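The values are calculated or read from the model by the stated rules, or taken from the named source; none is laboratory data. Nothing here was measured: the structure is a model prediction, and the numbers come from that model. Cβ: placed from backbone, ideal geometry, glycine included. Neighbour counts: every protein chain shown. The area values use the complete protein model at the heavy-atom level, side chains included, leaving out ligands, DNA and RNA. Shrake-Rupley method; radii C 1.70, N 1.55, O 1.52, S 1.80 Å.
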Amino acid sequence: MTEKYIPAEIEPKWQAKWEADGLYHADIDPSRPKYYALTMLPYPSGDLHIGHWYAMTPSDARARYLRMKGYNVMFPIGFDAFGLPAENAAISRNIHPKDWTYANIDRMRGQLRSMGAMWDWRREAASCDPEYYHWTEWYFIQLFKHGLAYRAPGSVDFCPNCNTTLAREQVWGEDRHCERCGTPVIKKDLDQWFFRTTDYAEELRDFTGIDWPDRVVAMQTNWVGRSEGASVVFHTEQGDPMEIFTTRPDTLWGATFMVLAPEHPLVDRVTTAEYRQEVETYKQEAARQDEIQRSATDKEKTGVFTGGFAINPVNQARIPIWIADYVMMGYGTGAIMAVPAHDERDFEFARKYNLEIIPVIQPEGEQFHGDTMTEAYIGPGVMINSAHFDGTEVSDAKGWANPGIKAVNDWLEEKGIGKADVSYKLRDWLISRQRYWGSPIPMVHCEECGWHPVPEDQLPVLLPDDVEWLPTGESPLKLHPTWKNTTCPECGGPAERETDTMDTFMCSSWYHLRYLSPHYDQGLFDPEEYDYWMPVDTYTGGVEHATMHLIYTRFFHKAGRDMGILEGNEPMTQLRNQGQILGPDGQRMSKSRGNVIDPDKQVQQYGADAVRTYLMFGYRWSDGGPWNTENIQGVVRWLHRIWSIFSDEAKKGEPDPAVLKSLRRKVHQTLQQVSKDFETFEFNTIISGLMELLNEMNTVKDAGVAGTPEWAEARDYYLRMLAPVAPHIAEEMWTEKLGKPYSVHTQPWPEVDEGATQVEEITLIVQVNGKLRDRITVPADVSEEVAKQTALASEAAQRFIGDKELRKVVYVPGRLVNIVV
RNA sequence: GCGGGUGUGGCGGAAUUGGUAGACGCGCCAGACUCAAAAUCUGGUGGCCGCAAGGCCGUGGGGGUUCAAGUCCCUCCACCCGCACCA
């Protein structure tokens, strides 16, 4: 009898030993190829989620595989530790955000260790440590010095009752009220810090040289949102220039009015006394709504006339200027020329307010008339009513590839009215947060000298610990009696610190660099470490970061490259997204639904190896799916069977050589398949392959294989292949049952013996007219002629051929013979 | 509306990229062990017809290309995700 498989007895034991032995330390070693494997770092919310396991343990398995393949693999971990939940805890439970955060980190470290992952804990970094945010601040200063950080008004959600700014998640409901007091939220303009992400708009659309999922590429490309067209300068009647962007310069002659965003700076100047009252009312209403409400497509368009007029520079037409909230200040210039004949929105607006419609593009066989058009025409045609451009062809190509657009652009430039131009949806990154628990913005304001960075030798600007959480809702940094008082680095006079802190996405934009040398105090990272490890070879995490973190970190890197701090164009070479584990009911896990799967409990019940392998086996990793409390039994049984086969000795005897040969074939075929699947992140078939091999081993076990080299090889290779996915049981079997030298995790990955995977006899499918009719066994190196003859001779085939005429015999080597009659 | 994706047994999912559809596992059925149950082990398990041999049907629907289609093309449907009055 053998002792039983009790994961709780072996898992903590090995975890402690691996840790004590520094088995997973990753150090620079120029003699080996490096591999930087990274999973997105967790936020220390307090408890590890099964989703963390799903993201991290397959990545760990792959990192372990690559290590056995001979790579020097770094697989680090840390915490994205600044952020709002800590402040909410502070307010609701009267605990300091720092204490809350560090307590959570402690707890989560323990939970993370139970995964048995190969993290090098020496490289752990937490973004709220002063030795970390020192360099977040330093990087801000570099961006500022290079003109990539600037201060400008930006709008925030503001609760007039609590007298505080609110984060997006603190604004609730359709009516957008304050989370705390229920008061409707208003928009407020504050001076805030921005990074010039738009400088990198074009480059952020370029994914050459990196292997990222199509989905993420599409989302980022869409987010950056390039449109080709022209910018054209109109003038108000008073002579103020009013620049607009249009994707359809070919329709300039059909512009019959202009629309400004309600917030546009020229609105006050163009509005006449007669219309002022109406315009003011409209502006105030628009300010109350946020962009999401304003941009509801199905909403009926509204707007008011300003009383002002503009001159269309192409034909000197005098056209009215309106304001309407369907024009956004945040895109283009916040002003548009309206061409109702050829734009659906402008058409709807013109019909509603009875504005003129002049068609300027006409397809063949049509006679458009402004009064009778029932909808805007957006297709191809020829230009009409457009002076000397009449007859110019306009295709349905977008942008500059369209001959009509190209022709007009050239002419605009020649006349000095406008120029070909590109517009992006991407906006600059607003990084100011009116919060306490974030990295301070190391800037000082002096009445005399303006804004200056804190001198670098005075970094980091530390967050004060002695803060109070007063119910004003104001940031404690602002309320702190002395913290903000400082001296001007320029003139030495009294000055004030910036009391806003940075968006936590700034901290997480560079954590992969801090892992290189988390305690380095001369810069972001130790250059030696950087040169060896960067870039990140594989980055894994959820797709929900596609348009936030994953854009910010690329921006951070590209800006760093241009400032001479970083090298290369991209921080992460390969990106892969895992899916999401849902509750057993197929819904997102949430405490209120009561469908949360607690990984600690699963580990207690089944062991870490079982949870790891179930997560790999039960789903396509990229898809995820509902947790299934029954399916996990499959891997639990499998692990028990592994325990048994390595515990019970096989029978000795004189086995059939064919049995040994086929065992060896199966071992090497499995090795081949498993290796490939690790490369391609197909974890589910890694496990199923290992299950198949175990089944095979179980069937030959009693055939007298004990003592044969084939059986020894099978057992040895099995554990090496198992080691990445189920590291604890593999180690236990390797050292305790096989008595091999510790550790299985430092063994090389076995080489496939191509010869062993070959077969002497193959089964060919015999088809008649594409339908499976028979199977024939032939030598693997069978000639085409013999294969065809054997197939034709098959009794089943003959029956279906009958006396029909043979038309063709298709032979696919190693696969089939298809007889067409 | 635009962009991306998914659709295969009762369930999770395989399928060498155009070549045996349903690997592996869950569940279920039968058998062994047991006084019994659990656990474990052995066998079976897409649907329909048939005692059987065997046959027919089958990868969301319809059409097509091909000796051959889950895989390629056209078209329609359903669901999921992202963006959305972007000028």
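Amide H contacts for A:ASP598 (H built 1.01 Å from N in the peptide plane; partners 5 or more residues away or on another chain; cut-off under 5 Å): none found. The charge dipole of segment A:46-154, taken about its Cα centre with unit charges on the Cβ of Lys, Arg, Asp and Glu (plus for the first two, minus for the last two), comes to roughly 400 debye.
Both radii were evaluated on the Cα set of segment A:662-727; the Rg over Rh quotient, with Rh as the Kirkwood radius, amounts to 0.98. Here the accessible area is traced with a 1.4 Å probe on the protein chains. For segment A:429-480, carbon and sulfur cover 50 percent of it.
Computed about the Cα centre, the dipole magnitude for segment A:143-249 is approximately 280 debye when only Lys and Arg (+1) and Asp and Glu (-1) carry charge, each at its Cβ. Short to long, the 10 Å bins of the Cα pair-distance histogram for segment A:116-238 hold 10, 17, 28, 32, 11, 1, 1, 0 percent of all pairs. Within segment A:672-821, the proportion of Cα pairs with more than 22 Å between them is 58 percent. Note on segment A:471-624: semi-axes of the ellipsoid equivalent to its C-alpha gyration tensor, largest first and rounded to whole Å, are 39, 26, 15. Over chain A, DSSP H runs of length four or greater, each weighted -39,500 (n - 2.57), average out per residue to a 222 nm ellipticity of -10500 deg cm²/dmol.
Ligands, DNA and RNA are left out, and with a 1.4 angstrom probe the accessible area of segment A:389-506 is 49 Å² per residue.
Extension gain for A:GLU795 to A:ARG226 (0.36 nm times residue separation, less C-alpha to C-alpha distance): 198.3 nm.
Modelled spin-label separation between A:ARG276 and A:LYS145, with each label point placed 7 Å from Cα along the Cα-to-Cβ direction: 5.0 nm.
Surface exposure of segment A:607-669, expressed per residue as accessible area with a 1.4 Å probe, stands at 45 Å². In the structure shown, the pairs A:LYS187/A:LYS283; A:LYS771/A:LYS808; A:LYS188/A:LYS283; A:LYS676/A:LYS701 are assessed against 18 Å; a Cα-Cα span above that value is assigned to A:LYS676/A:LYS701.
DSSP loop trypsin sites (Lys or Arg not before Pro) in segment A:608-689 with at most 14 other Cβ atoms within 10 Å of their Cβ, which ones? Here the sparse-neighbourhood loop sites are A:ARG620, A:LYS651. A:TYR811 contributes an accessible area of around 40 Å² to the protein surface, as traced by a 1.4 Å probe with all chains present.
Between the listed residues A:THR302, A:PHE368, A:THR281, the Cα displaced farthest toward the positive end of the dipole of segment A:276-401, a dipole computed from Cβ unit charges relative to the Cα centre, is found at A:THR281.
Between A:ARG775 and A:ARG180, the modelled labels are 7.2 nm apart [label points 7 Å from Cα along Cα→Cβ].
In terms of overall dimensions, segment A:377-485 has a Cα radius of gyration and Dmax of 27.6, 75 angstrom.
Solvent-accessible surface of segment A:113-161, averaged per residue with a 1.4 angstrom probe and all protein chains in place: 31 square angstrom.
Counting protein heavy atoms only, segment A:267-367 has 48 percent of its accessible area on carbon and sulfur, 1.4 angstrom probe.
Solvent-free Debye calculation, one equal scatterer per alpha-carbon of segment A:628-675: log10 I(q)/I(0) at 0.15, 0.16 Å⁻¹ equals -0.66, -0.73.
Per-residue 3J(HN,Hα) values for segment A:546-558, derived from phi via the Karplus relation 6.51 cos²θ - 1.76 cosθ + 1.60 with θ = phi - 60°, read 3, 9, 10, 3, 6, 8, 4, 5, 5, 4, 3, 5, 5 Hz in sequence order (x marks Gly and Pro).
Each of A:SER662, A:ASN684, A:HIS640 was placed along the dipole of segment A:561-687 (beta-carbon charges, centred on the mean Cα), and the one lying farthest toward the positive end is A:SER662.
At an R0 of 45 angstrom, the distance between the Cβ atoms of A:LYS301 and A:ALA401 translates into a FRET efficiency of 0.90. Close amide-amide hydrogen proximity is noted between A:SER114 and no other residue 5 or more places distant or on a separate chain, at a cut-off under 5 Å (H modeled in the peptide plane; Pro and chain starts excluded).
Here, P(r) means the percent of Cα pairs in each 10 Å bin from 0 to the largest distance; for segment A:421-517 it is 14, 37, 31, 15, 3, 0.
The angle between the Cα long axis of helix A:657-679 and the main principal axis of chain A comes to about 10°, on a 0 to 90 degree scale. Based on alpha-carbon atoms, the Kirkwood radius and the radius of gyration of segment A:1-139 give Rg/Rh equal to 1.03.
Treating the angle as unsigned and between 0 and 90°, give the value, to the nearest 10°, between the Cα long axis of helix A:403-415 and the longest Cα principal axis of chain A. Rounded to the nearest ten degrees, it is 40. Going 7 Å from the Cα of A:LYS419 in the Cα-to-Cβ direction, what parts of segment A:212-241 have a backbone nitrogen less than 13 Å from that spot? Backbone N within reach: A:230-233. A simple charge model with +1 on the Cβ of Lys and Arg, -1 on the Cβ of Asp and Glu and nothing else charged puts the dipole of segment A:522-642 at about 700 debye relative to its Cα centre. Among the listed pairs A:LYS98/A:LYS484; A:LYS652/A:LYS737; A:LYS34/A:LYS666, those with a Cα-Cα distance over 28 Å are A:LYS34/A:LYS666.
Rounded to two decimal places and with Rh computed the Kirkwood way over Cα pairs, what is Rg over Rh for segment A:746-821?
The Rg/Rh ratio comes out at 1.21.
Here the gap between A:THR547 and A:ARG427, fully extended at 0.36 nm per residue and compared with their Cα-Cα distance, gives a gain of 42.0 nm.
Work out, step by step, the length gained on full extension between A:SER592 and A:ARG641: first 0.36 nm times the residue separation, then minus their alpha carbon distance; give nm to one decimal.
Gain on extension, A:SER592 to A:ARG641, equals 13.8 nm.
For segment A:104-147, with all protein chains present and a 1.4 Å probe, just round the carbon and sulfur fraction of the accessible area to a whole percent. C and S fraction of accessible area: 50 percent. Largest accessible area first, the residues A:VAL279, A:VAL782 order themselves as A:VAL782, A:VAL279 under a 1.4 Å probe with ligands, DNA and RNA left out. Working from Cα positions, state the angle (0 to 90°, nearest 10) between the long axis of helix A:84-93 and the longest principal axis of chain A. It works out to around 90 degrees. The Kirkwood hydrodynamic radius of chain A, based on inverse pair distances between different Cα atoms, is 32.1 Å. Protein-only accessible surface at a 1.4 angstrom probe places the residues A:HIS52, A:HIS519, A:HIS342 in the order A:HIS519, A:HIS52, A:HIS342, largest first. Spacing of the modelled spin labels on A:GLU237 and A:GLU456, each 7 Å from Cα toward Cβ, amounts to 5.8 nm.
In the frame of its principal axes, segment A:5-48 has Cα extents of 40, 29, 18 Å, reported largest first.
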